[in-house]
Amino acid sequence: MSTRSGGTIGGTIARRHLVRILATLLLTGAVGAAAPAIDADRLLGHIKFLASDDMKGRADGSPELNRAADYIAQQFKEIGLNPGGDNGTWFEPFDLVAGLAVGARNSLVVSDRTRSVRLALGSTYYPLSTVPNESRDSPSAQMDKLPLVFAGFGLSAPQANYDDYAGLDVSGKAVIIFSHEPQESDPNSPLNGNRPMPESTLYRKAEIAHNRGARVLLAVSDPSHATDQGLFHAFDVLPDADEAGMPVLRVRRNEMQPLLDAWGLDALAIQISRDLRPRSRPLNAASVDYTEFLAHDRRPVRNVVGIMPGSDPSRAGEAIVIGAHYDHVGLGGRLSVTPERTGEIHNGADDNASGTASIIEIARAAMAERERFPRTLIFIAFAGEERGLLGSAHYVSAPAIAIANTVAMLNLDMVGRSRGAVDVSGLDVAALKSDLMAAAQVTGGIEIKQEGPGAGRSDDSSFLDAHVPAVNFFTGFHPDYHRPTDDWEKINKEGTARVAALALEFAARIAQDSGLKAQGSGGSRP
Ligand SMILES: [Zn+2]
Ligand SMILES: [Zn+2]
């Protein structure tokens with residue numbers, strides 16, 4: 001289902017590529033040496049398996065992720081790679097936090113002199129942020145009769161001359177705020193018109209409240225937004241939360257309504273929206289009792305590591321890492337773009353069965369022409385990417401070949417939706433850029449768009465942090481990103497094969513490029 005844009009222009013580009021390819025082949029005398037083949041159907045076969053409903057979205061810490069790891073190891077073995085994991089195995093195990101373990105005695109009560117509202121975890125409140133323990137049997141937070149302060153929309157935006165916290169003391173207290181922002185749909189609003197202010201995300205609001213010493217933040221939907229019940233349900237299905245330094249609790253409007261009415265908070269929100277004058281205030285005799293029993297849910301996961309030793313013994317001590325994460329977000333939850341659909345399988349065909357399948361087929365093609373790779377190739381399927389690039393960070397701390405002897409890292413994350421182009425980051429290293437351009441002339445058929453540093457956050461970042469030149473291949477975001485609809489039927493297999501062929505040819509050039517030096521060689525470090 002490849003889409004070609006613009007017949008005439010497409011034809012011109014194709015012809016120009018053909019001319020270039022011929023020129024390159026003639027110059028290098030390589031005519032007759034078949035271009036390294038990446039079999040698109042074989043590639044799609046891996047994607048179909050990894051992104052099947054059976055794999056339940058390959059969540060970190062799930063049995064299905066383990067099955068995916070076994071599958072990848074089996075492929076590496078059949079291809080003829082050597083095991084590159086711990087103790088002669090294919091695997092490099094490590095533990096990660098895969099969510100929250102929920103204790104039995106969580107409780108939240110909001111009251112004033114005459115009323116008391118008891119909320120229930122998962123159905124009428126859930127934590128957006130927590131400070132978890134290592135055991136769910138001891139309290140991770142305990143607050144009794146904390147005085148409650150209303151802080152409007154929880155915004156502090158000096159550049160827009162608006163501050164819900166001006167003159168308000170929240171230190172050591174509980175704070176209640178509304179979601180969203182005042183004048184939200186007014187195109188002439190000084191608060192960023194009708195576009196959301198960067199300060200209006202709950203993450204930023206939590207940061208502001210935390211910096212001012214608040215101990216717990218309650219967030220209620222503002223009067224113009226209904227609460228999405230699905231979000232409360234999501235915590236029941238997959239307990240998980242950020243760790244923003246203090247508890248941040250989403251509380252359901254329905255249950256809070258009697259208190260909101262008694263305190264006149266909806267009316268205050270409407271007044272604030274009218275004149276942008278903050279109306280924050282302590283709420284007379286109002287208080288919060290909060291007890292939390294939440295712990296880190298630690299689980300084992302595994303990187304899968306396969307090695308193709310370099311063909312030149314004098315250079316085989318230097319490595320090129322070719323990696324892709326194979327974990328995804330499972331049944332959704334906090335990491336989903338649609339957390340209200342938690343419970344549905346997020347198949348992750350593009351993210352990142354596509355990259356995982358690519359490294360398997362790159363390994364197969366490389367093994368068929370080993371003499372082109374004087375340096376060693378290390379193929380790694382990373383776990384824990386979705387939870388913060390944890391697999392690549394772990395590998396960098398315990399590499400198969402020293403990081404100082406790792407010349408470059410190629411990462412493939414979401415390469416299944418190519419429409420004739422691929423975004424590549426990390427090309428600020430001149431030698432890498434020229435190697436890639438040379439590779440593209442040979443493989444052809446794909447346009448390279450250079451991305452700035454830090455364009456995406458994927459496992460290449462862990463290597464960049466360790467001063468290893470690293471590039472990421474990426475064929476673009478789409479409406480199925482981190483949603484249950486990222487399915488294998490939407491993969492462009494030929495486009496994916498082209499990206500993989502490009503990465504393979506690129507790796508061959510890097511493997512031969514004596515202009516690229518490992519940190520450990522040449523003694524150039526001060
Ligand atoms: Zn990804
Ligand atoms: Zn992802």
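Rule-based calculations on the coordinates, nothing more; no lab input. As the structure is a computational prediction, the values presented were derived from the model and not from experiment. Glycine gets a Cβ as well: all are built from the backbone with ideal geometry, and neighbour counts include every protein chain shown.
Can you compute the label reach from Ala285? Point 7 Å from Cα along the Cβ direction, backbone N cut-off under 18 Å, restricted to the stretch 147-189.
Only 147-150 fall inside the zone, counting backbone N under 18 Å.
Looking at the square roots a ≥ b ≥ c of the eigenvalues of the Cα gyration tensor of the stretch 210-269, which shape do they give, rounded for a/c under 1.5, prolate if a/b is larger than b/c, or oblate? Don't skip to the end; give the middle numbers.
Values: a/c = 2.54, a/b = 1.21, b/c = 2.09.
Cα axes put the stretch 210-269 in the oblate bin.
How long are the three semi-axes of the equivalent ellipsoid for the stretch 97-204, computed from the Cα gyration tensor as the root of 5 times each eigenvalue, in whole Å, largest first? The partial results should precede the final answer.
Values: eigenvalues 195, 65, 37 Å².
Semi-axes (√(5λ), whole Å): 31, 18, 14.
With N set to the number of residues, divide the alpha-carbon radius of gyration of the stretch 385-526 by 2.2 N^0.38 Å and report two decimals.
On the way: Rg = 15.7 Å, N = 142, 2.2 N^0.38 = 14.5 Å.
With N residues counted in the stretch 385-526, Rg over 2.2 N^0.38 Å equals 1.08.
Using Cα pairs closer than 8 Å and at least 6 residues apart in sequence, work out the relative contact order for the chain, in percent. Mind dumping the intermediate values first?
Values: 1162 pairs, mean separation 113.7, N = 526.
Here the relative contact order equals 22 percent.
From the residues Val337, Gly306, Gln519, which one has its Cα farthest along the dipole of the chain in the positive direction, the dipole being from +1 and -1 charges on Cβ of Lys/Arg and Asp/Glu about the Cα centre?
Among Val337, Gly306, Gln519, the one farthest towards the positive end of the dipole of the chain is Gln519.
If you wrap a convex hull around the alpha carbons of the stretch 441-503, what volume per residue comes out, as a whole number of Å³? All intermediate terms of the calculation are to be shown ahead of the outcome.
Working: hull volume 7.3 nm³, N = 63.
So the per-residue hull volume is 116 Å³.
Counting Lys and Arg as +1 and Asp and Glu as -1, each charge on the Cβ, what is the dipole of the chain about the Cα centre in debye, to the nearest 20?
Details: 52 positive and 64 negative charges, 121 e Å.
It comes to approximately 580 debye.
Just grab the label-to-label distance for Arg299 and Asn82, each label 7 Å out from Cα along the Cβ direction, in nm (one decimal).
In this crude spin-label approximation the distance works out to 3.4 nm.
Classify the chain as rounded, prolate or oblate, taking a ≥ b ≥ c as the square roots of the eigenvalues of its Cα gyration tensor: rounded when a/c is under 1.5, otherwise prolate if a/b is larger than b/c and oblate if not. Let's see the in-between values first.
Values: a/c = 2.42, a/b = 1.99, b/c = 1.22.
Judged from the Cα gyration tensor, the chain comes out prolate (a/c at least 1.5, a/b above b/c).
Under 5 Å between amide hydrogens, which residues at least 5 positions from Ala157 or on another chain qualify, with H placed 1.01 Å from N in the peptide plane?
Here the answer is Tyr162, Asp163, Asp164, since their amide H atoms fall under 5 Å of that of Ala157.
Could you point to the residue in Trp263, His46, Tyr71 farthest towards the positive end of the chain's charge dipole, with +1 and -1 charges on the Cβ of Lys/Arg and Asp/Glu respectively?
His46
Compute the length gained on full extension between Asp70 and Arg118: take 0.36 nm times their separation in residues and subtract their Cα-Cα distance, giving the result in nm to one decimal. It would help to have the intermediate numbers written out before the result.
On the way: separation 48, 0.36 × 48 = 17.28 nm, distance 4.68 nm.
Additional length available on full extension: 12.6 nm.
Out of every Cα pair in the stretch 318-411, what percent are spaced more than 15 Å from each other? Numbers along the way, then the final one.
Values: 2842 of 4371 pairs.
Result: 65 percent of Cα pairs exceed 15 Å.
Please compute the modelled spin-label separation between Gln271 and Ala402, points set 7 Å along Cα→Cβ, answer in nm with one decimal.
In this crude label model, Ala402 to Gln271 measures out at 6.9 nm.
Could you sort out which of Lys48/Lys493; Lys433/Lys493; Lys56/Lys449; Lys48/Lys77; Lys48/Lys449 sit more than 22 Å apart by Cα distance in this structure?
Numbers: Lys48/Lys493 11 Å; Lys433/Lys493 25 Å; Lys56/Lys449 33 Å; Lys48/Lys77 20 Å; Lys48/Lys449 28 Å.
Distance filter (> 22 Å) returns Lys433/Lys493; Lys56/Lys449; Lys48/Lys449.
Just to check, using Stokes-Einstein with a Kirkwood Rh over alpha carbon pairs, what's the diffusion coefficient of the stretch 416-465 at 25 °C and 0.890 mPa s in µm²/s? Display every interim value, and only then the final one.
Working: Rh = 11.9 Å.
In µm²/s, the coefficient rounds to 206.
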